[in-house]
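Novice: Okay, handing you the structure first.
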């Protein structure tokens, strides 16, 4: 390899690069002295061009590197008067490009370029244009103030490491099957979207930072793919990541401090997010819409001024081992026939609702915790909710609020410490509760033509009425324990109906069951140890009680009032502190095959004020006084004997 020296001095034998090229052989090195070389050159040989000092060795003009030619440049400043056109291969080391006289600094067409420790600045349109199956490797470079885009790729490949891109409209723009592999880059302060990925292009990044953009941080469309690992994206004025008909993979990354949303998924977009932090946005941390797909694992989502995650318009989202916290509006919002599932997730410290489901949205929550919300933990409006193995606790509103034809299924879950009823339903909702525990608060409040089914549950230590239904609601309790409430156990009114099977109801401070203008069927149940009445049945109510044991109440164990009707069959009523049965005000009782015993208060059975009691094949015992008392046009019939006043 020969060295050919070039100098602009009048004493030099070779004063131009073109003259040096004419003398050079394959692989020679051309050494440039400091100075300005105004030349337009087409390289035809494999050579190296080396400057003495990058800032003082300047080439101004047009450079062309044809096919099959490799040229290496070192320590040179370029002022291209037109784009440096590369069809072969160009290697730039410690070079500086001032693009103020050209629309693009480097243009690759089926060519290759390697840049290391270079700066590219002030092109009017594009810093580097990479087209038509070209490839480029860029390391430790600065691209600044290059018109519309620092780098533009189309059907080509770029590898870029440890670079800084700033002060243009866009950072990198990928089109038509372009691919970019990037690592540890700093992309910031662009006036438009910083990264654009389109038309089946792929961008794979690790450990880069993308921040302080006036538009999006990343915009992907038309079946693009974006894969980010340990990437930081923050401080953008538009949604920080916008995916449209495209795929996002995000791992160990941070998306924070955006003026709008963190991640926007639209029109069949998909996202796989794992071990990420997404926080501090004004509208939403994540928006998923128009039949998009979202999967999040082991991530943290918190502190959005709006919604944590929106799932809209037939989209599907799955969350696993993820924490939602401190969102100002709902932490998760599911609407418009969208479907969401959650497992091992935590919702905490929300400023409003934890999860809001509406407009035929569907949500399944498994082995998760929802606590410390300033409103209801879960609200369902015309949607579907499944809760399995969850804890819903210490919320200032309801645990679950179901409204307007909502469907709620709950299994093996625990509710306690909620300021309002743990589970509330209104307006034709259907709530089913299995193998669950509800305590320390009002448990169930369901009204307005709704359906409630409670099976194998334990309800206890309620501050108010533990179970309350009204307004034509139907409720079924099977194999449940309802105990130790500070007021009533169950209360039904305004034309509602209760079905109680195989239950224990005990130790309430107020009447254990209150029926007002409603109906009751109770079978195979124990009603025990109430501080007042066992049942109050009043105001045109009806009850059928069979194979039930009623005992140890401080006030009359069954109180029937205001034109109500009760049938007892094969029931045992014993050990009351006062009367076992008290019927008044045009009410009726028919008892068959029952046992009624009292050893503390005379008059086991009383009828007053135009009321009627019929006892058939029923044993009535009283060890301290009379068995029967009636007055004011009331009758008690025991077999064939009638007692009246």
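The values are calculated or read from the model by the stated rules, or taken from the named source; none is laboratory data. A quick note: this is a predicted structure, and the numbers were derived from the prediction, not measured. Cβ atoms come from the backbone with ideal geometry, glycine included; neighbour counts cover every protein chain shown.
Novice: Restricting the search to the stretch 484-504, which residues are under 22 Å from residue 587 (Cβ atoms) and assigned to a strand (DSSP E or B)?
Specialist: Result: 490, 491, 492, 493, 497, 498, 499, 500.
Novice: With 564, 541 as the choices, which residue is under 12 Å from residue 587 (Cα atoms), crowded, with 20+ Cβ neighbours inside 10 Å and more than 49 Å from the chain's Cα centre (by Cα)?
Specialist: The unique qualifying residue is 564.
Novice: Of the conditions (1) surrounded by fewer than 23 Cβ atoms within 10 Å (Cβ to Cβ); (2) over 24 Å from residue 447 (Cα atoms), residue 362 fails just one. Which one is it?
Specialist: (2)
Novice: Okay, moving on. Out of (1) in a loop (DSSP other than H, G, I, E, B); (2) modelled with pLDDT of 95 or more; (3) over 23 Å from residue 316 (Cβ atoms), what's the single condition that is false for residue 433?
Specialist: (1)
Novice: While we're on this one: When you look at residue 68, is it closer than 22 Å to residue 114 by Cβ, out of contact with any strand residue (DSSP E or B) (no Cβ under 6 Å at 6 or more places or on another chain) and not in a strand (DSSP E or B), yes or no?
Specialist: yes
Novice: Do we find that residue 572 is surrounded by fewer than 24 Cβ atoms within 10 Å (Cβ to Cβ) and within 17 Å of residue 636 (Cα to Cα) in this structure?
Specialist: no
Okay, residues lined up against (1) within 18 Å of residue 385 (Cβ to Cβ); (2) surrounded by fewer than 18 Cβ atoms within 10 Å (Cβ to Cβ); (3) in contact with a helix residue (DSSP H, G or I) (Cβ under 9 Å, 6 or more places away or on another chain):
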{"site": "422", "(1), (2), (3)": "yes, no, no"}
{"site": "431", "(1), (2), (3)": "yes, no, no"}
{"site": "438", "(1), (2), (3)": "yes, no, no"}
{"site": "441", "(1), (2), (3)": "no, no, no"}
{"site": "449", "(1), (2), (3)": "no, yes, no"}
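Novice: Which condition breaks for residue 54 when tested against (1) farther than 22 Å from residue 174 by Cβ; (2) crowded, with 17+ Cβ neighbours inside 10 Å; (3) at pLDDT 95 or above?
Specialist: Going through (1) farther than 22 Å from residue 174 by Cβ; (2) crowded, with 17+ Cβ neighbours inside 10 Å; (3) at pLDDT 95 or above one by one, residue 54 breaks only (3).
Novice: What's the total number of residues in the stretch 254-266 that are under 17 Å from residue 276 (Cβ atoms) and not in a strand (DSSP E or B)?
Specialist: The total comes to 0.
Novice: Right, another one. When the stretch 67-118 is examined, which residues are found to be surrounded by fewer than 17 Cβ atoms within 10 Å (Cβ to Cβ) and under 15 Å from residue 131 (Cα atoms)?
Specialist: 67, 109, 110
Novice: Can I ask one more? State whether one or more residues within the stretch 162-179 are at positive phi and within 26 Å of the chain's Cα centre (by Cα).
Specialist: no
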